[in-house]
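The values are calculated or read from the model by the stated rules, or taken from the named source; none is laboratory data. Since the structure is predicted, the reported quantities are computational estimates derived from the model, not experimental observations. Please note: Cβ atoms are built from the backbone with ideal geometry, for glycine as well, and neighbour counts cover all protein chains shown. Note: accessible area is taken over every heavy atom of the protein model, side chains too, but ligands, DNA and RNA are not part of it. Shrake-Rupley method; radii C 1.70, N 1.55, O 1.52, S 1.80 Å.
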Amino acid sequence: MPKILVVDDEPDLELLLRQKFRRRIRSGEFTLVFAQNGVEALERLDEHGDVDVVLSDINMPEMDGLTLLAQLGELDRDLRAVMVTAYGDMKNIRTAMNRGAFDFVTKPIDFGDLETTIAKTLEHLAVMRAALRDRDALVALRQELGVAARMQESILPTNYPTDPRYELHAWMTPAREVGGDFYDFFRLEEDHMAIVVADVSGKGVPAAFFMMVSRTLLKGTAIGEADPSVCLDEVNQLLINENEESMFVTLFYANFNPANGHATFANAGHNLPFLIKTSGEVEQIVSDPGLVLGIMSGVDFPRGSITLEPGDAVFFYTDGVTEAMDEDGVELGEKELAEVLGECGGSSAEDINRHVIRAVQEHAGEADQSDDITCLTLRYLGT
């Protein structure tokens, strides 16, 4: 219920206002509180911490309205002041407005005009308070997103294996504070290495949560199941059982054996990786595309395999790389990506990723990033 503090030394004004607005007071549209001068008004404000509007005369004893207005400006209170003055007293009106008054009415008071002014003032106050609440909520959300982004960053591996037989390096740039892409690598039984690159549908916080769930389920399943095809089938069923939002994830999962450069893999609707030979020859790995995870049960994820020669590298990526657009909306594309990778024959895993990211940035120019950009490179060095 809005509360209005009326400050005026005329004894009849309180009676007139209570009579004029009796129905609105009874219906709870607002409450009136009265004071006879500025000193008393400050006392009422101490007693009533929820005053919304101060309706004050300018000419009063002890403390006039302009002095009261200056005092209101020093208070940490979210309220509006409407000043009452004689008709034609433009000097005081200008002073009042310069000191922060929201509006004014003139004497003799036109109660119709006063009612309109009060309604307008309360409406303005409500809008501004809503805007401040939205601002505070946005600030809090940005802080929470910052925490979420740091949490997401912390769960993605950044300490790459130091193994003389192979190199691993990954890169991810979210389009928003948090993203739906993810990559992962972790050790399996018999000294094998699991390699994962995935892309969750959607953007922002929902995608980030689904990403973390998908990553956890895959890692937990892969540790106990060596066959990538069987692993994806189990993860798919787990995601379907807990997927009320009908989200999905595309994912490429490879089980790599560093002892001989052999890798088995299965694909769940994800972009197929590129094989980069030392000579600079580039070819896309051939695989059944498969279906995305989280939508349909009973789906087969056919298993494929590849054997790397020493110096060969495999570039895994999400569609944020090939679908990166320039200012004219032209995508980079798989053909252009293959040409960029052709310049990387014999390069280290980290250099390959940096070369691709630099090419994506040069292609995009000043265009906004429209999707998460993620890539991971495995380079086999031999035994």
| query | Could you say which residue among 298, 280, 290, 294 is modelled with pLDDT under 95, of a type outside the set (Ser, Thr, Tyr), closer than 24 Å to residue 212 by Cα and over 34 Å from the mean Cα position of the chain (by Cα)? | reply | 298
| Got at least one residue in segment 51-68 being closer than 20 Å to residue 117 by Cα, among the small types (Gly, Ala, Ser) and open to solvent by 20 Å² or more (accessible area, probe 1.4 Å)? | no
| task | Starting from segment 49-69, keep only residues that are more than 12 Å from residue 83 (Cα to Cα), then list their pairs with residues that are open to solvent by 30 Å² or more (accessible area, probe 1.4 Å) and of a type in the set (A, V, I, L, M, F, W, C) whose Cβ atoms are within a distance under 6 Å, requiring at least 6 positions of separation or different chains. | result | 62/39; 63/39
| task | Please go through segment 73-92 and pick out each residue that is touching a strand residue (DSSP E or B) at 6+ places or on another chain (Cβ under 6 Å), buried (at least 17 other Cβ atoms within 10 Å of the Cβ) and without any contact (Cβ under 8 Å) to a residue 40 or more places away in the chain. | result | 81, 82, 83, 92
| Restricting segment 290-311 to residues that are assigned to a loop (DSSP other than H, G, I, E, B) and either charged (D, E, K, R) or closer than 22 Å to residue 352 by Cβ (or both), the residue that is most open to solvent (accessible area, probe 1.4 Å) | 300
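Okay, residues lined up against (1) surrounded by fewer than 24 Cβ atoms within 10 Å (Cβ to Cβ); (2) not β-branched (Val, Ile, Thr):
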| position | (1), (2) |
| --- | --- |
| 313 | no, yes |
| 317 | no, yes |
| 330 | yes, no |
| 333 | yes, yes |
| 336 | yes, yes |
| 339 | yes, yes |
| 369 | yes, yes |
| 376 | no, yes |
| Which one is most open to solvent (accessible area, probe 1.4 Å), of the residues in segment 34-50 that are hydrophobic (A, V, I, L, M, F, W, C) and not in a helix (DSSP H, G or I)? | 34
| request: Could you please find all residues in segment 306-326 being of a type in the set (D, E, K, R) and in contact with a helix residue (DSSP H, G or I) (Cβ under 8 Å, 6 or more places away or on another chain)? | output: 326
| task | Quick one: in segment 9-33, of everything that is under 50 Å from the mean Cα position of the chain (by Cα) and open to solvent by less than 30 Å² (accessible area, probe 1.4 Å), which residue is farthest from residue 104 (Cα to Cα)? | result | 28
| remark: For segment 88-105 the number of residues that are within 18 Å of residue 120 (Cα to Cα) and not in a helix (DSSP H, G or I) is 6
| field | Failed criterion for residue 37 (all others in (1) closer than 17 Å to residue 85 by Cα; (2) touching a Pro at 6+ places or on another chain (Cβ under 8 Å); (3) in contact (Cβ under 8 Å) with a residue 40 or more places away in the chain hold) | value | (3)
| remark: Among residues of segment 221-268 being in contact with a Ser or Thr (Cβ under 7 Å, 6 or more places away or on another chain) and of a type in the set (Val, Ile, Thr), the residue modelled with the highest pLDDT is 264
| task | Only residues in segment 166-177 that are closer than 24 Å to residue 367 by Cα and among the hydroxyl-bearing types (Ser, Thr, Tyr) count as the first member; pair them with residues that are open to solvent by 40 Å² or more (accessible area, probe 1.4 Å) and at pLDDT below 90, Cβ under 9 angstrom, at least 6 apart or cross-chain, and list the lot. | result | 173/369
| query | When you go through 95, 31, 67 one by one, which is the residue that is touching a strand residue (DSSP E or B) at 6+ places or on another chain (Cβ under 8 Å) and among the hydroxyl-bearing types (Ser, Thr, Tyr)? | reply | 31
